[in-house]
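This report concerns only the one structure given below.
The values are calculated or read from the model by the stated rules, or taken from the named source; none is laboratory data. Since we're looking at a predicted model, the values are computed, not measured. Positions of Cβ are backbone-derived with ideal geometry, glycine not excepted, and every protein chain shown enters the neighbour counts. Note: accessible area is taken over every heavy atom of the protein model, side chains too, but ligands, DNA and RNA are not part of it. Shrake-Rupley method; radii C 1.70, N 1.55, O 1.52, S 1.80 Å.
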Amino acid sequence: MLVKVWVFIFLGCDLEPQSNEPYLATSLQDFWGRRWNLMVPAILRPAVYNPVQRIAEWKMSSDHARFLAVLATFLVSGAVHELIFYYINREMPTGEITWFFVLHGICTAAEVLVKKRTFVGGWKVSPMVSRLLTVGFVVLTSGWLFFPPLIRGGMFVRLPNEALLFIDSVKHKFFTFGS
């Protein structure tokens, strides 16, 4: 949100929202597809999901093709995150990030298939319970697989230091008078 405000102030243009109240997600499909990092599904859906599903449907049922497309999409996301983390940490990837996304891909695809099955058609979970389960799953798996490489790489120590250096640099460049 802060970046969005700065871009609006300095460039006069509005950025697309990056999330849509992810803490209100009632399923993993809702979280990843409609609430978290909205730019990514807009890119991965046409670039990975749709082509994989279309090609896979030639050889398998639509349910299996959908499962494969979801898994491929999360696998690509995991690989891209590994690359991003490599550039942040400058350490060889451990695969934890990719496993995080593969796990979420499997769980999201399974969730979609379970919802589609008729035996659960009449069964409803309260939104409060489904939010707790969804956000709890994301938080737990993030703490287990997503954040450890960043913590080991020192990103949470470097980031505030670099932000303070940037602020200091801006302050000296634009707000130092008579020096």
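A quick yes/no check of all residues on (1) at pLDDT below 85; (2) on the phi > 0 side of the Ramachandran plot; (3) touching an Asp or Glu at 6+ places or on another chain (Cβ under 9 Å):
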position: Thr73; (1), (2), (3): no, no, no
position: Thr98; (1), (2), (3): no, no, yes
position: Leu103; (1), (2), (3): no, no, no
position: Ala110; (1), (2), (3): no, no, no
position: Thr118; (1), (2), (3): yes, no, no
position: Val125; (1), (2), (3): yes, no, no
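Results for (1) in contact (Cβ under 8 Å) with a residue 40 or more places away in the chain; (2) in contact with a His (Cβ under 8 Å, 6 or more places away or on another chain); (3) surrounded by 15 or more Cβ atoms within 10 Å (Cβ to Cβ); (4) closer than 21 Å to Phe67 by Cα, shown as yes or no for each residue.
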| position | (1), (2), (3), (4) |
| --- | --- |
| Glu91 | yes, no, no, no |
| Val102 | no, no, yes, yes |
| Thr108 | yes, no, yes, yes |
| Glu111 | yes, no, yes, yes |
| Val114 | no, no, no, yes |
| Arg117 | no, no, no, yes |
| Ser130 | yes, no, yes, no |
| Ser142 | yes, no, no, no |
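Listed by first and then second residue, the pairs linking a residue in segment 1-28 that is at positive phi to a residue that is surrounded by 10 or more Cβ atoms within 10 Å (Cβ to Cβ) and modelled with pLDDT of 80 or more, with Cβ atoms under 8 Å apart and 6 or more places separating them unless they lie on different chains, are Glu21/Arg35.
Any residue in segment 69-84 that is in a loop (DSSP other than H, G, I, E, B), open to solvent by 20 Å² or more (accessible area, probe 1.4 Å) and in contact with a Gly (Cβ under 7 Å, 6 or more places away or on another chain)? Can you show your working first?
Keep residues of segment 69-84 that are in a loop (DSSP other than H, G, I, E, B), which gives none.
The answer is no; no qualifying residue exists.
Inside segment 34-56, can you point out the residues that are open to solvent by less than 100 Å² (accessible area, probe 1.4 Å), closer than 30 Å to Val129 by Cβ and touching a residue at least 24 places away in the same chain (Cβ under 8 Å)? Within segment 34-56, Val40, Leu44, Tyr49 qualify. Please determine whether any residue of segment 95-106 is more than 22 Å from Pro149 (Cβ to Cβ) and among the charged types (D, E, K, R). Checking segment 95-106: not a single residue is more than 22 Å from Pro149 (Cβ to Cβ) and among the charged types (D, E, K, R). Here Val3 meets the list (1) loosely packed, with under 14 Cβ neighbours inside 10 Å; (2) modelled with pLDDT of 95 or more; (3) assigned to a helix (DSSP H, G or I) almost entirely, failing just condition (2). If you go through segment 46-63 one residue at a time, do you hit one that is more than 29 Å from Glu162 (Cβ to Cβ), part of a helix (DSSP H, G or I), out of contact with any Gly (no Cβ under 8 Å at 6 or more places or on another chain) and among the charged types (D, E, K, R)? The answer is yes, given that some residue of segment 46-63 is more than 29 Å from Glu162 (Cβ to Cβ), part of a helix (DSSP H, G or I), out of contact with any Gly (no Cβ under 8 Å at 6 or more places or on another chain) and among the charged types (D, E, K, R). Filtered by the rule that a residue be open to solvent by less than 50 Å² (accessible area, probe 1.4 Å) and either part of a helix (DSSP H, G or I) or without any contact (Cβ under 8 Å) to a residue 12 or more places away in the chain (or both), segment 144-168 gives Leu145, Phe146, Pro148, Pro149, Leu150, Met155, Ala163.
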